[in-house]
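In what follows, a single structure is set out as structure tokens and then discussed.
Each value in this text was obtained by applying a stated rule to the coordinates, not by laboratory testing. Predicted model only: the values in this text are computed from it and were never measured. Positions of Cβ are generated from backbone atoms using ideal geometry, with glycine treated the same way; all protein chains shown enter the neighbour counts.
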Amino acid sequence: MLRLSGLLLAVLWCATALGEAVRVQDVRIAERDGATRVALDLSGPATHKLFTLRNPDRVVIDIKPARFAPGALPLPAGAGDVRRLRGANREDGSLRLVLDMQRVVPVRSFDLAANAAHGNRLVIDLGVAAARPSQPVKTAPRPPAVARDLVIAVDAGHGGKDPGARGSRGTREKDVTLSISQRLAGAINAEPGMRAVVTRDSDRFVPLRARMELARGQKSDLFLSIHADAFRDRRVRGATVYTLSEKGASDEASRRLAARENAAVTIGNVHLEDKDPLLAGVLMDLSQNASVSSSMDIGEEILQELGKFARVRKRHVQRAPFLVLKSPDVPSLLIETAFISNPDDESNLRRSAYQERLVAAILDGMRDYFYQNPPPGTRVAQLAQNPRPRERQYVIRRGDTLSEIADRYNVSIRRIRSHNSLRNDRIRVGQVLRIPIPRDI
Ligand SMILES: [Zn+2]
């Protein structure tokens, strides 16, 4: 059925291709007064179809029949609410332009006919001036429902004058943690019923106390501190997840804490084990009253997801032996994503695809936990009452790509990948994919 219609489309396209494919000669983008406009210069009139996709947020424009003129590619860099522009000529004779969005904004598109000064144009307007907050990544729009969103505080370790650990290729921990954290915040904000607050969104120094106060002030349901480990033995690698220990206040704990403090003094900013004593203090403070068991459980879910693709140094959540915990406040986790001091881990950490996988794993782990243990009064609690997410099966056909399948079912590539434990975007004909059905709405 699908194959037949594809053939039909191909035939139609061939018929039109002989003479009249519209060429997109230029793509321009500009931000003005908080609104973003994308304009396409066309060689003639064309029809287009525009639709939006969530998680991550995208605006997709299909023009058919049309091709990008060689001069139109590569596309310009993003501006305003558009993080990135992507586009390609497609086999069916259409052209697809994808706008990766910073956030969800109102969209409209219209055609402008040729006149004396300009040729045909297609204009896409995104957002309106008044609605633009100064920090688009920080918070997602709240739903009108009474139920509240889960608030996840995402803490990019280090920053500014504190670079954190450094890899042998010069990768700085503070850069890696910021990049991962920004991706994570974006993914959380795209998730129904969840909202991210970030402790920093640029390369700046944020005192640990301020990080903690932000998490607490925003009534966070979880504080996630993102780091990359370092160790003098470069063979050591893998991810580790820490929470705080009930049985921590021992002499042993004090001894180790003191040892770390001494190490930090000895080697300056490059801490050997990265459980900065100061950060430990912050986590301690945050979790002073926190439910250890929920931190442990969330951590275990995240570890399980990480273990599907990453090397995991310890199979279970490690309890940093710092303190005694009593009653609930803000569950806190420290995720050492990998060892920046290990060359393989370092090159993984530099790759955006790997960062995306880390983000997907962390999000999947949190989702697993919170859907099983939704805090009362949250939107996730409502969503969790729906039947567990159904999924459907899809058999890969020739010519399929993961991104097209993701678009078709309105789920993200990372969701499909994590749901099927795929290591990359490669798929083969006949392979059966399980497609999760989004829980939204
Ligand atoms: Zn660190």
**OP:** Enumerate the amide H contacts of S332 below 5 Å, restricted to partners 5 or more residues apart or on another chain; note that Pro and chain-start residues carry no placed amide H.
**Re:** F223
Subject >> For region 91-103, 3J(HN,Hα) per residue [Karplus equation, 6.51 cos²θ - 1.76 cosθ + 1.60, θ = phi - 60°, Hz, x = Gly/Pro] >> reply: 5, 7, x, 9, 10, 10, 10, 10, 9, 7, 9, 6, 6
**OP:** Could you list F231, F110, F339 in order of exposure, starting from the residue whose Cβ has the fewest other Cβ atoms within 10 Å?
**Re:** F110, F231, F339
Original post:
Residue by residue through region 190-196, which ³J(HN,Hα) values in whole Hz follow from phi under the Karplus form 6.51 cos²θ - 1.76 cosθ + 1.60 (θ = phi - 60°), with glycine and proline marked x?
Top reply: 7, 8, x, x, 10, 9, 9
Subject >> Vicinal HN-Hα couplings computed from phi for region 371-382 (Karplus, 6.51 cos²θ - 1.76 cosθ + 1.60; Hz; Gly/Pro x) >> reply: 6, 8, 10, x, x, x, x, 9, 5, 4, 4, 5
Original post:
Which trypsin sites (Lys or Arg not before Pro) does region 329-425 hold that lie in a coil by DSSP with at most 14 other beta carbons within 10 Å?
Top reply: R351, R390, R397, R398, R423
Subject >> Exposure proxy ranking, count of Cβ atoms within 10 Å, fewest first, for R232, R311 >> reply: R232, R311
Subject >> Cross-link pairs beyond the 31 Å C-alpha cut-off, checked among K174/K308; K64/K308; K161/K219 >> reply: K64/K308
**OP:** Please label the shape of region 386-436 as rounded, prolate or oblate, based on the square roots a ≥ b ≥ c of the eigenvalues of the alpha-carbon gyration tensor (a/c under 1.5 means rounded; beyond that, a/b larger than b/c means prolate, else oblate).
**Re:** prolate
